[in-house]
Amino acid sequence: MDTTAFYEKEDDKNTAFTWEVRANNHAFHATFTEKRFLCWRKKKYNTNKICTAKYNIFTFLPLNLYEQFHRASNIYFLIIIILQSIPEISTLPWFTLFGPLVCLLFIRAIRDLVDDIGRHRSDRAINNRPCQILRRKRFKWKKWEDICVGDVVCLKKDSIVPADLLLLVSTEPSSLCYVETADIDGETNLKFKQALTVTHQELTSSKNMESFQGTVLCEEPNSRMHHFVGSLEWNKKTYSLDIGNMLLRGYKIRNVEACYGLVIYAGVDTKIMKNCGKIHLKRTKVDLFMNKLVAMIFLSLVIISLLLTLGFSFNIKDFKWKHYYVSAKHLRSEIAESFLIFWSFLILLSTTVPMALFIMAEFVYLGNSLFIDWDMQMYYEPRDATAKARNTSLADQLGQVQYIFSDKTGTLTQNIMTFKKCCINGQVYGPDDEETPRQPPLQENPYMWNEFADGKFLFYDKKLLHVVRHKKDRVVQEFWRLLAICHTVMVQEENDKPLYQAASPDEEALVTAARNFGYVFRSRTQDSITVMEMGEERVYQVLAMMDFNSVRKRMSVLVRNPEGSICLYTKGADTVILERLHKKGEMEMSTEEVLAAFAEQTLRTLCLAYKEIDEDDYEEWESQHHEATLLLQNRAQALHQVYDKMEQNLQLLGVTAIEDKLQDHVSEAISSLKRANIKVWVLTGDKRAADIGVGLMGQEGMQAVQSSDYMLAQFCFLQRLLLVHGRWSYLRVSKFLSFFFYKTVACMMAQIWYSFYNGFTAQPLYEGWFLSFTNMFYTTLPVLYMGLFEQDVSAEQSLNMPQLYMLGQKDALFNYGVFFQAISHGLVTSMINFIITLLASQDSPSDYQSFAVLVALSGLLSITIEAILIIKYWTIICVACILLSLGSYAVLTSLTQSFWLYKIAPKTFPFLYADYNALTQLHGLLVILLNVTLNTLFVLAFRVIQLLRQLRPKVKEEEVPKEEVLGVEAMPYLPRESRARRSSYAFSHHEGYADLITHGTILRRPHEAPSETLYASPIPSEGEEEEEPSTGRKRSLWLPRKTSSWLRRIRHHTAKDLAEDRAAFSAQSSFETAGTPSVLYSESQASRPSRSPTTISMPSRSSQKMSSLPGSQPSLAEDWRLVSPSEPPFQTWESQPDSLEGRSQSWTPFWKNWQKETHPLGEDAESLPRLTHTVPPKTLPPSVEEEPLVGGTSPTERKSSSSTDGAPT
């Protein structure tokens, strides 16, 4: 990415520097107002009082109702209830829909009220926190809500910063202030802020602070937490301000006795409050699909009502012609009668739209989320952490994931950095053949001579230690001096030994390595840094610190040493350091080869360089630097240009290599997810355009968790979250919805058949109370049990058979086919119940109410029997649900048909003893038995036919083509002058690939590509080597030129580790280079990439044999190639299916009921991805676009010198 364009983009956001703050001047700020609405104006500078609650005692009822009736379903039911109140068209009692709607509104209102009461309590507790504010030359205790812009505030140790403050002075040397930002970004490591030198020297007492009349001119309040540009005008001088001078609301003061700050932004204007925007509700695929089905049902009801109205219009004509003598009672025209009857039918059939579905769905989603919280199999004892569902509406979506976009550091790895190797002046130091850093014998401590050595430091190299202690090699001295000086680590004293607090574990590992080799970082001030070098204390004056960012990809420190010389120390990615070298000799080229070797070992690398600066050159540069720091517009761009001018003509010192091991069971988890047809990508960056966000509790803190939908303690728990809870949730929700639609149609469609029988008069068939209670009580508990507790297989079987997960990816359990099957089943059930009852009633005395009772009870029992047949997981709770449902019918029916209620309201309770009269006759019992029996036999027959079709052998076995692996020309060795990407550190400083994936820039497949573009590994098998055309000599596919003897030894000793690493990688899904905490994608979501992204092909097992010749070891960058995959999207050749024909068919899964579905283990099933490798990896290459603050690098991909903006050529 072009750096100039980057900084211009950033600075364009800061065009208005109109926020003026005057210290200790309330009257000035009170004069400013802003126009809000019409003539109403509001003060520009807010107080520090906040209010995050939505309601108060007066606005709760109207505002909550207003929000609830933004739902289309609620508006629909409200309209139907209003229509019911019109006598001319009313066909159902008023309570039929009014009761369920009130229940739905009440449940949601109570939930919203409980949430808002919690917000009120939180706001009250925060606003009433105490703090010290300067009032009349002394600091007085006030509440947070009393703070105003321009106040001077005193903060003590462990206190929370109440507003966005400009740090004026602290009790620490040079006014340093240590802060913890866990409440903002989740990071637990300490950071430091620093006051200006002028305020540190002048504001030494309360009296001086009272007389402080400085003016701050800065940008308007905004939400960028890591950006601030402003200036302080005081005593006719101007001083530049940046984010390093600011204490933001939510910071916690650490290791400082007291500090003082000037309030710049207060209350809702603070950066943390500006980031508290509206939460966008995530909707699952099933939820969105269900909304479409409800709309479809409503349109169907309108069409059916029109057709029934048409039947009524023909019928009324015939009726009037035959019965002309009653025409005096029909005063309306036929058109008017038809218009009214249409609305009558619409009201009559309105109960088909399942209002109770929306109520019960909330309980189902909540219950499945609680099961995740209660699963002790996902409890991680070392951190005392369990899984947590932070979003209760996405449980079923976990069962439909197709792509996992995962960060690497701290997500797949332990984020515990180990100093593994280093290269100084072309010489490699470190263990040769051990898997762990070599340690000396137990009886000797190689660092005993160093009183500041860290006893936990494992790196040991006898030769390097000898060189360091003899102080004869200046390059070695400058190497360790750079690591001790060029960093942002903070230090504390604990038991007379330094305790480091670093922004990244990489930095801590590097500073600790320098500490053990005698270059101990002891302390820092605003303009100096103290280092103990081999027992001698040296103080370096810090002239400039050029900090790291993702565009610069490097960090530099300009210091003046005790001898008076000026030196620049720089560390960063090899892509930016190597191009800034003064020369490229043999040592530099050898170092590039070392970088490649370290890359093969999946180590995070970092290049170190320095140069000496002439005094005149520094004076000229310093004036330019000072001018750039005072700019308000385009400051970042100007500073970048000044820094870049200084960081040229460097002398290379060497390379560091750091290892970050995988978490436990990561390889097994990825292998299992791959068998479930889930593609795993390693991504980096700060974007979270995700269907589902899963945050992991890493070593660095809770930042990922705070913005996630689910929290896990380890990556391996993702396997259980998806394959067990996700699959169960999708199964439960799918069965819950399909059965709910079935039972609704089975009961309510009889109203339509009855309309054909009664002359299309819109007369209701059922008792009004039966319609009201059916979906609320009579059939609720069994379907709710399905949504909460149903299982087809156990958790252990779900983990052992990941292929079962593919049903959710294919939407196999709930789709249009399943929906129409449920509707068809309900139609057949209703027709059997109505027609059989009608035929049986013709030859026996039967009244309307008895007929309605027989149809209603037949439908209820048929639905209950169907529930018994399809439930697979039987418990005592299931039995209780069925008994309670039937019992509720008996109790409530006896109540609504009782004589005393009939006496009170005969029109409301007209079915007096209707059930008793119908069920005391043998004829009625036989009709019910016949209906239930026929419905059950129909279902059983249908499923037997389905089973026989599955067991029937195929006439002709389809021949499954074998996987075809196309060869690919080996990647040529990159010249020394090219900027090859070798490490995550190098990649981290380029723009990530997330935007390219989102926009489809790199996802387009070339037109000439065949249907399956597959890549073989460029690694030659045993006995295979390429011959040079001119000499006939065999040469390596990786290094065509001669390699030095020391490099051959390195490759020889690391061959074993490399083989294990490749085997481990092959067990994982395709990795793309670009990161976030784990992000899960499912098919057909709006946020999913629309084209097949570029993936990285994995080598075949046969091509993984290592060459026995030293120096011919191929790099991982060549093993893992960017390819355009074949259909389906995101699939590489490793995921191509194997034939599963002929596998055992010893059991029939739960979905083989009346639904016509395909089991993944059946003969007609799609073949499954093959697990080709199962060797667990010990380490994983760092991701391509990872962005540690100053961390190491790792190299899963090389960038050609002709590529631009970090995109592969």
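The values are calculated or read from the model by the stated rules, or taken from the named source; none is laboratory data. Just so it is clear, the model here is predicted, and its values are computed rather than measured. Using ideal geometry, Cβ is built from the backbone for each residue, glycine included, and neighbour counts are taken over all protein chains shown. Surface areas here come from the heavy atoms of the whole protein model, side chains and all, with no ligands, DNA or RNA. Shrake-Rupley method; radii C 1.70, N 1.55, O 1.52, S 1.80 Å.
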Go through 73-81, 248-256, 50-58 and give me the packing order, highest mean Cβ count within 10 Å leading.
248-256, 73-81, 50-58
Heavy atoms of the protein only, probe of 1.4 Å, neighbouring chains included. What is the accessible area of Arg580 in Å², nearest 10?
30
For peptides 316-322, 143-149, sequence by mean Cβ density within 10 Å, most packed first
143-149, 316-322
Give me the 1.4 Å probe accessible area per residue for the stretch 801-847, excluding ligands and nucleic acids, in Å².
38
Descending semi-axes in whole angstrom, ellipsoid equivalent of the stretch 99-214, from the Cα gyration tensor:
41, 18, 10
Keeping all protein chains in place, calculate the accessible area per residue for the stretch 450-539 (probe 1.4 angstrom), answer in Å².
41
Net length gained if the chain between Tyr66 and Ser223 were fully extended (0.36 nm per residue, minus Cα distance)
53.5 nm
Estimated distance in nm for a label pair at Leu307 and Ser205, the labels positioned 7 Å out from Cα along Cα-to-Cβ
9.5
Met417, Met376, ranked by accessible area, largest first (probe 1.4 Å)
Met376, Met417
Per residue, how much accessible surface does the stretch 59-203 expose to a 1.4 Å probe? Answer in Å², no decimals.
47
Working with all protein chains in place, sort His227, His120, His487 by solvent-accessible area computed with a 1.4 Å probe, largest first.
His120, His227, His487
Take each of the peptides 862-868, 42-48, 450-456, 522-528, average the number of other beta-carbon atoms within 10 Å over its residues, and list them starting from the highest.
862-868, 42-48, 522-528, 450-456
Listed pairs Lys157/Lys274; Lys472/Lys584; Lys193/Lys388 exceeding 29 Å between Cα atoms:
Lys193/Lys388
Taking Cα pairs under 8 Å and at least six residues apart, what relative contact order does the stretch 510-613 come out at, in percent?
18
What residues have an amide H closer than 5 Å to that of Ala385, excluding those fewer than 5 places away on the same chain, when H is modeled at 1.01 Å from N in the peptide plane?
Tyr380
Classify the stretch 604-694 as rounded, prolate or oblate from the Cα gyration tensor: take a ≥ b ≥ c as the square roots of its eigenvalues, call it rounded if a/c is under 1.5, otherwise prolate when a/b beats b/c and oblate if not.
oblate
With all protein chains present, the stretch 527-662 has a carbon and sulfur share of its accessible area (1.4 Å probe) in percent of 44
Using amide H atoms built 1.01 Å from N in the peptide plane, name the residues 5+ places from Ile147, or on other chains, whose amide H lies under 5 Å from its own.
Asn48
Check: C-alpha center the stretch 51-80 vs C-alpha center the stretch 470-511, spacing in Å is 59
Taking 0.36 nm per residue of separation between Tyr324 and Trp374 and subtracting their Cα-Cα distance, the length gained on full extension comes to 10.8 nm
If amide hydrogens are placed 1.01 Å from N in the peptide plane, which non-local residues have theirs closer than 5 Å to the one on Gly214?
Ala23
Shape call for the stretch 185-275 from the C-alpha gyration tensor, a ≥ b ≥ c root eigenvalues: rounded (a/c under 1.5), prolate (a/b greater than b/c) or oblate?
oblate
Compute the distance from the alpha-carbon center of the stretch 639-687 to that of the stretch 158-207, in whole Å.
32
Ordered by residue, what ³J(HN,Hα) values in Hz, to whole numbers, does the stretch 79-85 give under the Karplus form 6.51 cos²θ - 1.76 cosθ + 1.60, where θ = phi - 60° and Gly and Pro are x?
5, 5, 5, 5, 5, 5, 7
With a ≥ b ≥ c taken as the square roots of the eigenvalues of the C-alpha gyration tensor of the stretch 500-555, please select rounded if a/c is under 1.5 and otherwise prolate if a/b is larger than b/c or oblate if it is not?
oblate
